[in-house]
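First up is the structure itself, then whatever we jot down about it.
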Amino acid sequence: MISRMRTLTVAWRKALQKPRFTFDLIVTAVLFLASLYLCGEVIHYAHTRPGVQLNDPLLHRVGPVSLRVPIFLALWSSLLLGVYALAKTPPRFVLWLQASAVLACLRAIALFLVPLEPLPSIIPLADPVATLRTDTGTLIVNDLFFSGHTAILFLLFLAVESPPLKRFLLAGMIFTATGVLLQHAHYSGDVFSAPFFALGSWRMILLIHKKCNFWNTDNGSVGLYDSNA
């Protein structure tokens, strides 16, 4: 454990010696936090307005089944392992943060434009870490389009480079997506569309970096901050 932490420290110390990386990290962190704040505000706004309750043939055939604890464990174990793996490569970590900011903004836009109400049979996820509540303590359950749980894990799957970890994250995403469906916490369309939003966010960031000449076209890998700038 100590050697792993030392490796992380060395990697970040080396990365922070590059002014352009340091600048990008600061800007990215600010934009990431701002995107989370924006998404949170839109979720609270969505709670105050009426939405449309959809007819979901798939959910009418399954559940609801309470899988709160397994979903929580699958989500957070995947998140922690994925973020730790990305932190070993600071430029890759910054890419993921940037894509996450785009994803949060897309979710805020989707929630604002597509007001939905959950099915009466919903079993709220009640995640003690990520679940939002109103000022009166009411659980917010209509943050539906699209599934944040599924999108976050798929974005991590795209960002990490280790094949074994990719398989683990993909399995975690599939389990989590299945779980939120069985709990009727999301419509099937919310879950099935989430990976496409994550993929779009990731591709957008990669395209921006490529256009800004931050892309190593010789081997097709991310070659951020290789210059002395």
Residue pairs qualifying under the 8 Å Cβ cut-off, at least six apart or on distinct chains, with the first in the range 86-110 being under 18 Å from residue 44 (Cα atoms) and the second being assigned to a loop (DSSP other than H, G, I, E, B) and modelled with pLDDT under 90, are 107/146; 110/145; 110/146
Residues (assigned to a loop (DSSP other than H, G, I, E, B) and hydroxyl-bearing (Ser, Thr, Tyr)) located in the range 141-189: 147, 162, 187
Starting from the range 30-48, keep only residues that are over 8 Å from residue 108 (Cα atoms) and at pLDDT below 90, then list their pairs with residues that are charged (D, E, K, R) and surrounded by 13 or more Cβ atoms within 10 Å (Cβ to Cβ) whose Cβ atoms are within a distance under 9 Å, requiring at least 6 positions of separation or different chains. 46/143; 47/143
Of all the helices (runs of 4 or more DSSP H) wholly in the range 37-114, which have at least 2 residues that are of a type outside the set (A, V, I, L, M) and closer than 22 Å to residue 169 by Cβ? 68-87, 90-113
In the set 26, 122, the lone residue that is modelled with pLDDT under 90, out of contact with any Cys (no Cβ under 7 Å at 6 or more places or on another chain) and of a type outside the set (S, T, N, Q) is 122
Sole residue being under 22 Å from residue 21 (Cα atoms), surrounded by 20 or more Cβ atoms within 10 Å (Cβ to Cβ) and either aliphatic (A, V, I, L, M) or modelled with pLDDT of 90 or more (or both), chosen from 156, 207, 181: 156
When (1) within 16 Å of residue 56 (Cα to Cα); (2) in contact with a Gly (Cβ under 7 Å, 6 or more places away or on another chain) are applied to residue 160, the one that fails is (1)
Considering only residues that are among the β-branched types (Val, Ile, Thr) and more than 13 Å from residue 144 (Cα to Cα), which ones fall in the range 176-193? 176, 178
Yes or no: the range 60-68 includes at least one residue that is surrounded by 13 or more Cβ atoms within 10 Å (Cβ to Cβ) and among the charged types (D, E, K, R). yes
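The values are calculated or read from the model by the stated rules, or taken from the named source; none is laboratory data. Source: prediction; values computed, not measured. No Cβ is skipped: glycine too gets one built from the backbone with ideal geometry, and neighbour counts run over all protein chains shown.
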